[in-house]
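See below for the structure under consideration.
Values quoted throughout were computed directly from the atomic coordinates according to the rules given, and no laboratory measurement underlies them. Remember, it's a predicted structure, so these values are computed and weren't measured experimentally. Here Cβ is always computed from backbone atoms with ideal geometry, including for glycine, and neighbour counts include all displayed protein chains.
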Amino acid sequence: MNRVAITGAGTINALGEDVPQTLEAMREGKCGIGPVEMRDVDRLTVQIGGQIKGYDPEAHFNRQQIALYDRFTQFTLLAAREAIEQSGLSFSGDLAANTGVVLGTAGGGVNTWDENYRTVYEDGKNRVHPFVVPKLMNNASASHVSMEYNLKGPSYTVATACASSNHAMGQAFHLIRGGASPIMITGGSEAMLCLGGIKAWEGLRVMSKDACRPFSANRNGMVQGEGAAVFVFEDMAHAKARGATILAEVVGFAMTSDASDIVMPSMKGAARTIAAALKDAKIAPDAVGYINAHGTGTAANDKTECAAVADVFGPHADNLMISSTKSMHGHLIGGTGAVELLACIMALRDGVVAPTIGYQEPDPECALDVVPNTARDAAVDVALSNAFAFGGLNAVLALKKV
């Protein structure tokens, strides 16, 4: 089996317009969550989010592209450009023919849905733009990345709610490890911060009106975010042969289904996935130094995830650092695992563990080292990234320092 390296990373999210800005914000424990700015915000009960402020599509795309790219696709392309530029790759010939794109999103073109429902139902128009369908479809971002870089290998989109990005990156890992492709562009994106997107989540009654405080006893719900993160996954031998800078190695992946409840998480399901990722990576539990938690800030998720970690790691759970960066950038739903992978790379490469900010009160059911409020310098050789989605769909990635 082939080893899998990460040779490029790109992002745009509430913490920064690129990877350096995002990592600096994570080091500083900066909060990117604040009042959302949008049409009809006064109709929302929840008026905060991890919104990318000051974003101007015309600074990055021409009018024809903007007509065809939903906000989630725009974010994906910006992140992909940064990742591919960092990797130093150019695509032609056999490399272009065999390189693919696997991306995750839960909602796809939610802004396009929202805008066009307004056009038809509120404004009473009987016609919409002819590009509505290609703009809103979930695979739009993967298709546009493949077209921009002439990538003709396996390309598709994964939609598994909050685990979409981890599932997508796991698929990319499998494709390279199994020899199907030498390089995969992978990650995820989401842009649900519009009236319809937030209003739908309000109905679940899991949203906080003031802040995201994972693992804190006084937490009161999740906060949505938006953005994208994209990575270049590459066959290790290929990367070394061309002298690429290797950010980290992906060494394991596991995915399971709880098969129990559409919204409530399962401790056994989460534990089974974490254990399976370690087994796939051939890594002993006590080798893990850091876990980027799913950590949504809801009581159901936080206590279930902490119980699963305690179950898998036993006494070593007390030595682990486990933090939730959703406290800073919000929950990007289908794109969240991709942004969170940046924190894992930072821990492995830079020896800096991102904090869980907003932590105020210890919770006996979350009695782990959650790296409260302040980033920590620490040597980390192995990191895990957890994602546990509605529908009981679990996906865990294991990364190793190179």
- [ ] Determine which lysines satisfy two conditions relative to Lys400: a Cα distance under 19 Å, and not lying fewer than 8 residues away in the same chain.
- [x] Lys240, Lys279, Lys282
Task: Approximate spin-label separation Asp261-Leu204, in nm, with each point projected 7 Å along Cα-to-Cβ - done: 1.4
Open item on the list: Run the helix sum for the chain: -39,500 (n - 2.57) per DSSP H stretch of 4+ residues, divided by residue count, reported at 222 nm to the nearest 500 deg cm²/dmol.
Closed with: -10000 deg cm²/dmol
Open item on the list: Would segment 238-327 count as rounded, prolate or oblate if I go by the C-alpha gyration tensor, calling it rounded below 1.5 in a/c and otherwise prolate when a/b exceeds b/c, oblate otherwise?
Closed with: prolate
Task: Among Ala270, Thr304, Ala379 - extreme Cα towards positive end, dipole of the chain, charges at beta-carbon - done: Ala270
Open item on the list: Testing the spin-label approximation: label points 7 Å from Cα along Cα→Cβ at Asp123 and Arg63. State their distance in nm.
Closed with: 1.6
Task: Around Ile66: net Lys/Arg minus Asp/Glu count, Cβ-Cβ under 13 Å - done: -1
Task: Net dipole in debye of the chain [+1 Lys, Arg Cβ; -1 Asp, Glu Cβ; about Cα centre; nearest 20] - done: 620
TODO: Place +1 on the Cβ of every Lys and Arg and -1 on the Cβ of every Asp and Glu in segment 1-113, take the dipole about the Cα centre, and give the residue among Gly93, Gly10, Gln47 whose Cα lies farthest towards its positive end.
DONE: Gln47
Task: Electrostatic dipole magnitude of segment 199-323 [Cβ: Lys, Arg +1; Asp, Glu -1; Cα centre; debye, to 20] - done: 140
TODO: Largest first and to the nearest Å, give the Cα extent of segment 1-58 along each principal axis.
DONE: 53, 27, 26
Task: All lysines inside 23 Å of Lys209 as judged from Cα atoms, apart from same-chain residues fewer than 8 positions distant - done: Lys30, Lys53, Lys199, Lys303, Lys326
TODO: With the cut-off at 12 Å, report for segment 124-163 the share of all Cα pairs above it, as a whole percent.
DONE: 67
Task: Förster radius 51 Å - calculated FRET efficiency between Glu361 and Val402 (Cβ-Cβ, nearest 0.05) - done: 0.85
- [ ] Only helices at least 18 Å long along their axis, Cα-based, and averaging -0.5 or more on Kyte-Doolittle count here, so list those DSSP H runs from the chain.
- [x] 71-87, 164-177, 267-281, 299-313, 336-350
Task: Under 15 Å, Cβ to Cβ, from Gly392 - net charge with Lys/Arg +1 and Asp/Glu -1 - done: -1
Open item on the list: Give the lysines reachable from Lys152 as a straight Cα distance under 22 Å; neighbours fewer than 8 places away on the same chain don't count.
Closed with: Lys135
- [ ] Would you mind putting 119-126, 348-355 in packing order, based on average other-beta-carbon counts within 10 Å, highest first?
- [x] 348-355, 119-126
Task: Distance between segment 288-316 and segment 353-402 - C-alpha centres, whole angstrom - done: 7
Task: Calculated on alpha-carbon atoms, Rg and Dmax of the chain in Å - done: 19.7, 63
- [ ] Let me know the shape class of segment 315-402, please: from the alpha-carbon gyration tensor, a ≥ b ≥ c as square roots of the eigenvalues, rounded when a/c is under 1.5, otherwise prolate if a/b is greater than b/c, or oblate.
- [x] rounded
Open item on the list: Normalised by the empirical 2.2 N^0.38 Å for globular proteins, what value does the Cα Rg of segment 355-402 take?
Closed with: 1.44
TODO: Please give the net charge around Arg118, taking every other residue with its beta carbon less than 13 angstrom from that of Arg118, where Lys and Arg add +1 and Asp and Glu add -1.
DONE: -1
Open item on the list: 5 Å is the cut-off here: which amide hydrogens, built 1.01 Å from N in the peptide plane, fall below it relative to Leu332, excluding neighbours closer than 5 in sequence?
Closed with: Gly225
Task: Rounded if a/c under 1.5, otherwise prolate or oblate - segment 53-151, Cα gyration tensor axes - done: prolate
Task: Protection proxy ranking, peptides 56-69, 147-160, average beta carbon neighbours within 10 Å, highest first - done: 147-160, 56-69
